[in-house]
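In what follows, a single structure is set out as structure tokens and then discussed.
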Amino acid sequence: MNEHAGRPVSTKHYSARGQLVLARLREFYREPAAVFWVYGFPILMVVALGIAFRNKPAETIAVDVQRDADNAAGVQRVRDALGAQEEAALCRLRLRTGKTALVVVPPGSPGGAYEYVFDPAREESRLAQSKVDDALQRASGRADPLRARAEVLQEPGSRYIDYLVPGLVGMSLMGGGLWGVGFAIVDLRIRKVLKRFLATPMRKADFLLGILLSRMIFLVPEVLVLLVFARLAFGVVIQGRLWEMAAVVVLGALAFAGIGLLVASRARTLDTVSGLMNLVMLPMWVLSGIFFSPERFPEAMQPFIQALPLTPLIDALRGVSLEGASLPTLWPQIVTLAGWAVGSFVLALRWFRWS
């Protein structure tokens, strides 16, 4: 107790980390734009992509049959086999402008060769060529030596939306860690707040840990809202244990929060930190498998792709969500993420400057 003006005055001791976390929370929730980009934008992404790639009936592909002066009989045979409508002079134009996927040119005489005109770079054109050739061969009497039947799989976990949601969770963790941590630190540096902290007893480690703790608090509603909405709107089910999913999410958030601290450790302007953020995020946006598998890229690029922090994070999230994998089976991804989290935080602590 201290004596002031004859009356006792109590002295309170505040935790530097705790006060910094409270300040970050208040600052964040007073910014409607920040709330939208953290919580609303991922939901809009799920809605838009879920509708775009929803399960729907098989798409009808347009096929044109080219009629010439000497192939009228062949055109009729093709129409009988395919039920296609014939086109004449406009066939090639329709193919060039993308209005049809394939042009079939029947032979001028019986026994002649059919000609398929298509662009092999278009997936629907390759599919149309295969289907049309199969239909014509069957119409000419071909019999398959093996009997087969097709089973349509539409169970939860096999749809594109089930594949997409873990990628969007990873993307949200990356954006929140980099922009929510790195951008906030540079903004404090520009407003000279960090310079004022330098004159206080606050240690560098306390400041960085406070920023990390505030990021962890933001993480809970950020991921929870996205997963609950995906469950209610599209029936997305997590096949694995929830605590293992939570552990992967926390580790990924720590890794990207550490990278955000590292990127912002020396940046002095918003333009600088924005450029650095985009430089770090762009390769992961394209290569790490948010929307499609990174295995589509050449084998020579795979070591670089697998070393990016977002790649093992999304692989681990999909392993738990789609396959029900346990953490021990995901040890390569866990080790990679832990390495990024520890390494980036240690380097940030070493290189960080208040001003």
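The values are calculated or read from the model by the stated rules, or taken from the named source; none is laboratory data. Every value quoted in this text rests on a predicted model; they were computed, and no experiment measured them. Because the Cβ atoms are built from the backbone with ideal geometry, glycine has one as well, and the counts that use them run over all protein chains shown. Just so you know, the surface numbers come from the protein's heavy atoms only, side chains and all, with ligands and any DNA or RNA stripped out. Shrake-Rupley method; radii C 1.70, N 1.55, O 1.52, S 1.80 Å.
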Everything considered on the Cα gyration tensor (a ≥ b ≥ c; rounded for a/c under 1.5, else prolate if a/b is larger than b/c, else oblate), the range 121-224 must be described as prolate
Once ALA300 and VAL225 are pulled to full extension, the length gained, defined as 0.36 nm per residue separation minus their Cα-Cα distance, is 23.2 nm
Quick note, the range 282-355: a/c under 1.5 would make it rounded; otherwise a/b > b/c is prolate and the rest oblate (a ≥ b ≥ c, C-alpha gyration tensor); here it is oblate
Simple spin-label estimate for TRP243/VAL346, 7 Å along Cα→Cβ, in nm, reads 2.9 nm
Ignoring ligands and nucleic acids, GLU295 exposes an accessible area, probe 1.4 Å, in Å² to the nearest 10, of 150 Å²
Quick calc: nm separation of the 7 Å Cα→Cβ label points for VAL335 and ALA23 -> 4.1 nm
Under a 1.4 Å probe, counting only protein heavy atoms, LEU242 has an accessible area in Å², nearest 10, of 120 Å²
Out of PRO328, GLY339, ILE305 - ranked by how far each Cα lies towards the positive end of the dipole of the range 222-355, with unit charges on the beta-carbon of charged residues - the top one is GLY339
Heavy-atom accessible area with a 1.4 angstrom probe orders PHE36, PHE41, PHE256, most exposed first, as PHE36, PHE41, PHE256
Highest mean packing first, using Cβ neighbours within 10 angstrom, the peptides 269-281, 175-187 sort as 175-187, 269-281
Most packed first (mean Cβ within 10 Å per residue), the peptides 93-101, 160-168, 202-210 order as 160-168, 202-210, 93-101
Note on the range 268-355: contact order normalised by length, alpha-carbon pairs under 8 Å, 6 or more apart, percent, works out to 23 percent
Measuring from its Cα centre, the range 196-355 shows a charge dipole (+1 at each Lys and Arg Cβ, -1 at each Asp and Glu Cβ) which, in debye to the nearest 20, is 680 debye
Quick tally, 1.4 Å probe accessible area for ARG122, ARG30, ARG92, sorted with the most first, runs ARG30, ARG92, ARG122
